[in-house]
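Structure first, commentary second.
The values are calculated or read from the model by the stated rules, or taken from the named source; none is laboratory data. The model shown is predicted, which means the values in this text are computed figures rather than measured ones. Neighbour counts run over all protein chains shown; Cβ positions are idealised from the backbone, glycine included. Ligands, DNA and RNA are stripped out before the accessible areas are found, and what is left, the full protein with its side chains, is counted by its heavy atoms. Shrake-Rupley method; radii C 1.70, N 1.55, O 1.52, S 1.80 Å.
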Amino acid sequence: VYEQVLGEDKFTFVEEVENPFSCTLLLKGPNKHTIVQMRDAVRDGLRAVKHTIEDGCVLRGAGCLEVAACRHLRSVAESIPGKKKLGMQAYAEALLVIPKTLAENGGFDAQETVMKLQDEHAKGNQVGVDVRTGEPMDPLVAGVYDGYLVKKQMYSLSSVIAEQLLLVDEILRAGRDVSGRK
């Protein structure tokens, strides 16, 4: 146990405890904004670990799941008649926003990168976007994972939000039809 002055503050450190049940992270930075950014990053990281432990599983990251789901939905859509097919195809295409965004954020051509991913998935390889090279990579080998609960909530909410937006659009359209008849 010892006391140390850091900047203008005095801290007491207790180290090498036999059975520690908690810990404190001391974050220092040149200004308040940097400290807030570090605090948020640490909190996000700890939440990701917490969710992974609670879920008991992780998914392949880097857009791998989205490309695989898109491929599956497109194949299922081929056997569905009518307008439902268009909805499934649109949803499948919308899933590719994740790998496209990863490619764009890495400074690569989104369409070309997604085409490479789809080609690899067609060969049976489960790959995602390597944001450093823009090439397909195996997320398991690279250690890139997504949390199960986060993905589950994202897909559940995206459908609900899309449905609500369509409902609002229908209400607005109905309002225009009524006012046009007067």
Give, as a single signed number, the net charge of other residues whose beta carbon lies under 11 Å from the beta carbon of R60, with Lys and Arg counted +1 and Asp and Glu -1.
-> -2
Helix-only CD estimate at 222 nm, as mean residue ellipticity for the chain, using -39500 (n - 2.57) per DSSP H run (n ≥ 4) | -20000 deg cm²/dmol
Which of S158, S22, S75 moves the most in a Gaussian network model of the chain with Cα springs under 10 Å?
-> S22
Computed about the Cα centre, the charge dipole of the chain from +1 Lys/Arg and -1 Asp/Glu charges at the Cβ has a magnitude in debye, to the nearest 20, of 1060 debye
Work through the residues other than T34 whose Cβ is under 12 Å from its Cβ and net out their charges, Lys, Arg +1 and Asp, Glu -1.
-> +2
Can you give the relative contact order of the chain as a percent, counting alpha carbon pairs under 8 Å and 6+ residues apart?
-> 19 percent
Sorted on mean Cβ neighbours within 10 Å (highest first), peptides 41-50, 8-17 come out as 41-50, 8-17
Report the extension gain between A122 and V14 in nm, rounded to one decimal, defined as 0.36 nm multiplied by the number of residues separating them, less their alpha carbon distance.
-> 33.3 nm
Stick to Cα atoms and the Kirkwood definition of Rh, then tell me Rg/Rh for the range 35-108.
-> 1.15
Residue-normalised accessible area of the chain, expressed per residue, 1.4 Å probe, Å² = 74 Å²
For Y145, distant residues with modelled amide H under 5 Å away | G61
In the range 124-165 the accessible area split gives carbon plus sulfur, as whole percent at 1.4 Å, a share of 61 percent
Once fully extended, how much extra length lies between S158 and L26, figured as 0.36 nm per residue of separation less the alpha-carbon to alpha-carbon distance?
-> 43.8 nm
Volume per residue, Å³, of the convex hull around the alpha-carbon atoms of the range 66-182?
-> 138 Å³
Over the range 58-162, what is the mean sequence separation of C-alpha contacts under 8 Å (at least six apart), divided by residue count, expressed as relative contact order in percent?
-> 34 percent
Could you pull out every one of the lysines with an alpha carbon less than 27 Å from that of K100, ignoring same-chain neighbours closer than 8 positions?
-> K83, K84, K85, K116, K123, K151, K152
